[in-house]
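The values are calculated or read from the model by the stated rules, or taken from the named source; none is laboratory data. Predicted model, so just to flag it, every value in this text is computed and none were measured. Cβ atoms come from the backbone with ideal geometry, glycine included; neighbour counts cover every protein chain shown.
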Ligand SMILES: *Cc1c(COP(=O)(O)O)cnc(C)c1O
């Protein structure tokens, strides 16, 4: 049989990490000692009290059945409580919060609820790849909003042609930002809300990194601002805050009509999050939070070691205030893929080439701070000696 893929599958952007993935596999097979700054996945374990709650809940047969589509009420109330404490944002747990099987799941399904063929989605470039992928899979057209260093990696809405603005159904935003580690301020969010009302564009703000911040800086929620709840939603996740990437639990909150559209898509696709994981999620949000401060201190220390190290070899990395990424201009203006390959070949160091996040990521490489301080120091030594 000759298998023919759908147009939408063929329209997906090429997977640009395959070369580096292969080089990485080969290096592993050869037994080389890799220092992997590539994956944005915490190296720390989930806090013990959350694991214990899961193990207790997993033993209860009531949790073995299909879960409720809209999530356990107590989980939605825990999320509302957390938003109130953290951002002073009031959310109605009945219709302004929708738990997700990880925020990526909701991001992937959201465009299906709102796009008609040919509608535009405004996506940052560089960006977390699912914004683009999910829009294409929903027959949308993606318009890239370049994130440029001279604009502090914030999109400049004035650069979007008027005819695109008028056809923009959805805008993805993500601050603190992956991959650039940039943060947004009040002035920017007010511009976003203004844009949403002017062009009737739904805002989808991804706040997965809101709790990973340094030097006392506290990122804001998009929903803190007047008009935000009328214009959009915010995605959130337990993945990075509680080291629960593998568990698959997150949520989307904000505008009730938008949430209802996402929920209708989801009710045709999945059957909720394993109840025991939801119960563990309640424990994460309502239980002790001490580990977060410790985690921030740990990433901050790693950030300082990496940034000081890079500076000592003449690389110009700016020091991130949030996320666990350092976004580094590839030295000498080299192209990001060749540079990442060179780092791997000569130094056994894995870093992610910026081009994989979009055209405007070219010229940069991303380091994830998910490597111990000692290994970061070792990486700097290797670059000094071998590059
Ligand atoms: C890690 C990450 C997420 C979290 O995804 P989950 O599906 O909740 O694990 C969301 N957005 C961005 C930009 C991320 O980097």
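Name the residues in the range 87-103 that are in contact (Cβ under 8 Å) with a residue 60 or more places away in the chain and crowded, with 17+ Cβ neighbours inside 10 Å, would you?
Taking the range 87-103 as the starting set, the residues that turn out to be in contact (Cβ under 8 Å) with a residue 60 or more places away in the chain are 87-89, 91-92, 95-103.
Hits for the range 87-103 are 87, 89, 91, 96, 97, 98, 99, 100, 101, 102, 103.
Does residue 153 satisfy the condition of being within 16 Å of the ligand (Cβ to nearest atom), surrounded by fewer than 24 Cβ atoms within 10 Å (Cβ to Cβ) and either within 15 Å of the chain's Cα centre (by Cα) or at pLDDT 95 or above (or both)?
Judged against the criteria, residue 153 is a match.
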*Can you work out which of the residues in the range 13-42 that are exposed (fewer than 15 other Cβ atoms within 10 Å of the Cβ) and within 22 Å of the chain's Cα centre (by Cα) is modelled with the highest pLDDT?*
41
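Yes/no per residue for (1) in contact (Cβ under 8 Å) with a residue 40 or more places away in the chain; (2) within 13 Å of the ligand (Cβ to nearest atom); (3) surrounded by 20 or more Cβ atoms within 10 Å (Cβ to Cβ):
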residue: 237; (1), (2), (3): yes, yes, yes
residue: 248; (1), (2), (3): yes, yes, no
residue: 255; (1), (2), (3): yes, no, yes
residue: 260; (1), (2), (3): yes, no, no
residue: 265; (1), (2), (3): yes, no, no
residue: 269; (1), (2), (3): yes, no, no
residue: 283; (1), (2), (3): yes, no, yes
residue: 299; (1), (2), (3): yes, no, yes
residue: 309; (1), (2), (3): yes, no, no
_Can you pull out every residue in the range 206-217 that is more than 17 Å from residue 253 (Cα to Cα), in contact with a helix residue (DSSP H, G or I) (Cβ under 9 Å, 6 or more places away or on another chain) and either in a loop (DSSP other than H, G, I, E, B) or within 12 Å of the ligand (Cβ to nearest atom) (or both)?_
212, 214, 215
*With respect to the numbered conditions (1) in a loop (DSSP other than H, G, I, E, B); (2) over 21 Å from the mean Cα position of the chain (by Cα), which one is the sole condition not fulfilled by residue 179?*
(2)
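Quick grid of which residues meet (1) outside any helix (DSSP H, G or I); (2) within 16 Å of the ligand (Cβ to nearest atom):
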| site | (1), (2) |
| --- | --- |
| 93 | yes, no |
| 109 | no, yes |
| 112 | no, no |
| 121 | yes, yes |
| 133 | no, yes |
